[in-house]
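The values are calculated or read from the model by the stated rules, or taken from the named source; none is laboratory data. Keep in mind that this is a model prediction, so the values were computed, not measured. Every residue, glycine as well, gets a Cβ built from its backbone with ideal geometry; the counts of neighbours run over all protein chains shown. For accessibility, only protein heavy atoms count, side chains too; no ligands or nucleic acids. Shrake-Rupley method; radii C 1.70, N 1.55, O 1.52, S 1.80 Å.
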Amino acid sequence: MSDDQTRVQEFFTARAADWDSRFPDDGPAYTAAVAELGLRPGDRVLDAGCGTGRALPPLRAAVGPSGVVLGADLTPAMLREAVRAGRDRDGALLLSDVAALPLRSHSLDAVFGAGLISHLPSPADDLRELARVVRPGGVLALFHPIGRAALAARHGRPLTPDDLRAESNLRPLLAGSGWRLTSYVDEDSRFLALAVRED
């Protein structure tokens with residue numbers, strides 16, 4: 001395992017047990033963001049970096065019983081919390097790095113990534129891997145339940161020009177990784193960037 005993967009695991013392992021209780025009011029924001037994906041019954045979707053699986057119930061509701069919902073995370077402790085919360089009933093959980101997913105190319109209709117991009121050690125490569133597993137015309141949602149400025153304030157730091165989630169940085173990053181940014185919202189109450197998998 002790389003140093004970057006180890007750091008991510010250590011960060012989330014230390015926070016897994018109380019993760020949901022720290023952010024108890026995020027459920028409606030997750031549901032609203034999932035709705036923006038435009039999923040249909042029978043679709044196949046991945047929650048990349050699923051953590052405790054908070055997106056899995058709305059993803060399952062969107063694709064219905066005939067759809068496929070997967071949740072992949074690098075941190076065993078987060079997946080254990082997803083199971084403890086019963087969210088494994090809404091999707092199959094995979095212990096996997098999003099940099100090397102155990103999925104066939106073009107096998108998914110969509111990817112949902114909550115809080116994902118700031119934890120990717122090689123964002124261009126990792127977004128390219130997500131593009132690999134999504135069919136052309138499929139959708140990627142990069143989401144956070146609060147916007148960039150609110151998140152920076154929560155962490156006691158200013159917004160910086162190199163923030164990957166800034167539209168001026170995110171658009172070319174996605175374009176170079178097989179995605180075309182189609183929608184960008186950065187408000188105090190949410191961050192949501194939607195992109196379409198290019199042919």
Inter-label distance for GLU36 and ARG7, nm, one decimal - labels placed 7 Å from Cα along Cα-to-Cβ
2.8
Could you tell me which of LEU159, SER177, ALA131 has its Cα farthest along the dipole of segment 126-199 towards the positive end, charges placed at Cβ (Lys, Arg +1; Asp, Glu -1), taken about the Cα centre?
ALA131
In terms of modelled amide H atoms, which long-range or inter-chain residues lie less than 5 Å from the amide H of ASP47?
LEU70, GLY71, ALA72, PHE112
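So for each of 183-190, 90-97, 21-28 I average, over its residues, the number of other beta carbons within 10 Å; can you give me the resulting order with the highest mean first?
So the order, starting with the most tightly packed, is 90-97, 183-190, 21-28.
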Mind grabbing the base-10 log of I(q)/I(0) for segment 1-56 at q = 0.28 Å⁻¹? Debye formula, identical points on the C-alpha positions, no solvent, two decimal places.
-1.16
Rounded to 0.05, the calculated FRET efficiency for the beta carbons of HIS106 and ARG128 at R₀ = 22 Å is 0.95
Accessible area of the chain divided out per residue, in Å², using a probe of 1.4 angstrom:
46
Segment 58-74 - phi-based ³J(HN,Hα) in whole Hz, Karplus 6.51/-1.76/1.60, Gly and Pro as x:
x, 5, 4, 4, 6, 9, x, x, 8, x, 10, 10, 10, x, 10, 8, 7
Dividing the helical contributions, -39500 (n - 2.57) per DSSP H run of n ≥ 4, by the residues of the chain yields a 222 nm value, nearest 500 deg cm²/dmol, of -9500 deg cm²/dmol
No solvent, one uniform scatterer per C-alpha: report log10 I(q)/I(0) for segment 83-199 via the Debye equation at q = 0.13, 0.20 1/Å, two decimals.
-0.53, -1.14
Given an 8 Å cut-off on Cα distances and at least 6 residues of separation, report the relative contact order of segment 13-109 as a percent.
29
Per the Kirkwood formula on distinct C-alpha pairs, the Rh of the chain is how many angstrom?
16.7
Taking 25 Å as R0, compute the FRET efficiency from the Cβ-Cβ separation of ALA14 and ALA92 and round it to 0.05.
0.45
Over the chain, with every protein chain in place, what whole percent of the accessible area is carbon and sulfur at 1.4 Å, could you tell me?
52
Quick one: compute the contact order of the chain, relative version, from alpha carbon pairs under 8 angstrom and 6+ residues apart, as a percent.
19
When DSSP beta bridges are limited to those with both residues in the chain, what percentage is antiparallel, rounded to the nearest 5?
45
Where both residues lie in segment 32-109, what percent of DSSP beta bridges are antiparallel, nearest 5?
0
Using the alpha-carbon centroid of each, what span in Å lies between segment 121-138 and segment 1-29?
22
Where only alpha carbons of segment 120-168 are counted, the Rg and the Dmax (Å)
13.6, 40
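Near GLY67, within a Cβ-to-Cβ distance under 11 Å, what is the net charge of the other residues, with Lys and Arg +1 and Asp and Glu -1?
0
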